[in-house]
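Below you'll find the structure, written out as structure tokens, and then a few comments.
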Amino acid sequence: MITNPFVKQLLASFLDLLPILAVIVFFQIFVVQQPIPDLANLILGTVFVVVGLTLFVRGLELSLFPVGEAMAYAFARKGSLFWLLLFAFCLGFGTTIAEPALIAIAKEASRIASQAGIIAATEPAKENYALGLRISVALSVGFAILLGVLRIIRGWPLYYLIIGGYCGVIIITPFAPPEIIGIAYDSGGVTTSTITVPLVTALGVGLASAIKGRNPLIDGFGLIAFASLTPMVFVMAYGLLR
Amino acid sequence: MITWLQHFALAILTTCSDVLPIAAIIIGFQLLVIRKPLSNPKKTLIGFVYVLLGIAFFLEGLEMALFPLGKLMAAQLTSPEFLGVSPHSKHIPWQAYYWVYLFAGCIGFATTLAEPSLLAVALKAQQISGDTINAWGLRIAVSIGVAFGIALGAFRIVTGTDLYFYIVTGYVFVLIQTLFAPKTIIGLAYDSGGVTTSTVTVPLVTALGLGLASTVPGRNPLIDGFGLIAFASLFPIIAVLGYAQIAHWLSNRANSNT
């Protein structure tokens with residue numbers, strides 16, 4: 001067995017990428033049957049992705065996860081509603097701003113928007129737009145986690161929040177500018193990956209096990225779901241207000 | 001080499017500002033509210049350096065490999081020579097793009113099946129449901145759900161129909177399913193939507209969508225290019241709820257027979 005956590009993670013990151021590579025290689029060889037341009041750069045980039053993902057996850061395991069999880073449990077047990085809610089909001093906001101997939105998508109969205117002439121084709125304008133997108137998403141995730149925590153404490157059924165979120169999406173879409181809708185809908189799925197999910201799940205499960213009469217397996221879940229609905233509403237609102 | 005190093009140093013600096021908020025929040029709450037020093041400050045610091053380097057490398061690698069790869073695949077699979085149509089034809093029937101749908105579906109299926117967080121969720125689902133739900137069966141169901149979702153999303157980009165229409169229909173479907181699904185599984189099913197879209201899958205799928213929208217005649221990347229991720233996070237919910245309902249129904253029937 002491999003014991004070094006670093007090598008183990010390197011392998012795990014590679015396994016993350018493997019299915020994508022396998023499908024692409026299969027299609028390249030059997031379907032497209034054309035030479036791939038710039039192969040060296042693609043291979044180097046793939047190595048970078050694997051190394052980057054490894055360092056990232058290893059770093060999270062060393063720093064953020066132990067501290068964040070201990071804190072989530074501590075706040076869940078402490079019982080001060082104000083601090084708990086503030087912590088929930090900050091946790092959602094902070095983890096989302098640092099989410100690598102969101103950084104990449106926001107940058108891509110700003111590039112597309114400037115090509116189409118929605119925003120000025122200058123670097124500051126693009127950076128502003130990308131940052132605006134990320135802040136809207138981060139605010140929305142913070143808000144969602146706050147409300148989700150309140151739900152666990154009060155014992156509201158999950159589907160109240162979910163149906164509320166759906167209604168929000170359905171109501172705001174007709175008013176949103178068409179160029180923001182696709183990005184808004186996508187941002188829901190983007191927010192919930194590497195950093196956010198473990199920390200938020202720890203908070204939810206910690207909370208549900210600290211409160212009497214809650215089942216951590218049933219009540220602990222659902223935070224993520226709501227956190228992937230609110231970004232759609234907030235990003236469309238950003239598109240409207242911008 | 002020097003310009004590359006400069007470029008990389010800049011990338012790390014930008015990443016600093018991305019990681020700063022969460023670091024400040026965690027450390028601030030620890031010191032000011034919990035009022036205990038960090039249990040292992042050295043380890044935490046090293047961890048943060050890893051995170052910084054990791055994000056910088058990852059984003060760099062995305063720009064070099066995953067984004068170009070997604071766009072390249074989209075361009076190759078939609079080129080007139082590959083489709084076997086005249087390069088000047090304005091109206092290519094949507095059926096001609098069948099390799100695109102197949103490719104999108106394969107990417108969705110393969111990445112979802114290999115997703116580690118889905119495995120964790122599937123095992124938990126098996127536990128909650130008292131073994132009426134089988135972890136492997138659930139993973140296959142979700143993978144098929146995502147594959148179908150992304151393929152449908154690619155079809156939407158090719159035809160240029162409204163994203164709104166698909167997603168709202170999906171929601172209505174989810175709402176109806178929720179009414180009939182076993183209550184214990186609902187939270188988990190909703191969460192599984194976020195679980196399937198991992199950090200690696202998202203950029204590639206996005207690049208595929210943007211690439212499709214810029215090569216298929218008559219499509220605009222701004223309006224049509226995004227939206228694949230939305231499909232990839234909606235269909236797992238439908239798949240998990242559906243699977244739970246079927247598993248529940250089968251076990252009920254088995255019980256009533258004995």
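Side notes on the structure shown:
- Failed criterion for residue B:132 (all others in (1) away from chain A (no Cβ under 11 Å); (2) of a type outside the set (A, V, I, L, M, F, W, C); (3) crowded, with 17+ Cβ neighbours inside 10 Å; (4) within 24 Å of residue A:168 (Cα to Cα) hold): (4)
- Hey, residue A:56 aromatic (Phe, Trp, Tyr) and open to solvent by less than 40 Å² (accessible area, probe 1.4 Å) or not: yes
- Restricting segment A:120-148 to residues that are open to solvent by 20 Å² or more (accessible area, probe 1.4 Å) and among the β-branched types (Val, Ile, Thr), the residue that is farthest from residue B:210 (Cα to Cα): A:135
- Neighbours by Cβ (under 6 Å, 6+ apart or cross-chain): first from segment B:9-35, within 8 Å of chain A (Cβ to nearest Cβ); second open to solvent by 70 Å² or more (accessible area, probe 1.4 Å) and at pLDDT 80 or above: B:33/A:83
- Helices (runs of 4 or more DSSP H) contained in segment A:85-197 and holding at least 3 residues within 7 Å of chain B (Cβ to nearest Cβ) and at pLDDT below 90: A:100-115, A:158-172, A:178-190
- The residues of segment B:137-157 that are aliphatic (A, V, I, L, M) and open to solvent by 30 Å² or more (accessible area, probe 1.4 Å), listed by number, are B:140, B:144, B:152.
- Residue match in segment B:175-192 (condition: more than 19 Å from residue B:69 (Cα to Cα), more than 8 Å from chain A (Cβ to nearest Cβ), open to solvent by 10 Å² or more (accessible area, probe 1.4 Å) and touching a Leu at 6+ places or on another chain (Cβ under 6 Å)): yes
- Qualifying residues in segment B:161-174 (those that are within 12 Å of chain A (Cβ to nearest Cβ) and not aliphatic (A, V, I, L, M)) - the one most open to solvent (accessible area, probe 1.4 Å): B:165
- Condition met for residue B:2 (on the phi < 0 side of the Ramachandran plot, of a type in the set (A, V, I, L, M, F, W, C) and modelled with pLDDT under 85): yes
- A count restricted to segment B:235-246 and to residues that are open to solvent by less than 10 Å² (accessible area, probe 1.4 Å) and either at positive phi or not β-branched (Val, Ile, Thr) (or both) stands at 3.
- Subset of segment A:108-118 [more than 17 Å from residue A:177 (Cβ to Cβ) and surrounded by 21 or more Cβ atoms within 10 Å (Cβ to Cβ)]: A:108
The values are calculated or read from the model by the stated rules, or taken from the named source; none is laboratory data. If you're wondering where the values come from, they're calculated on a predicted model, not measured in any experiment. Quick reminder, even Gly has a Cβ in these numbers, built from the backbone with ideal geometry, and neighbours come from all protein chains shown. These area figures cover heavy atoms from the full protein model, side chains too; ligands, DNA and RNA do not enter into them. Shrake-Rupley method; radii C 1.70, N 1.55, O 1.52, S 1.80 Å.
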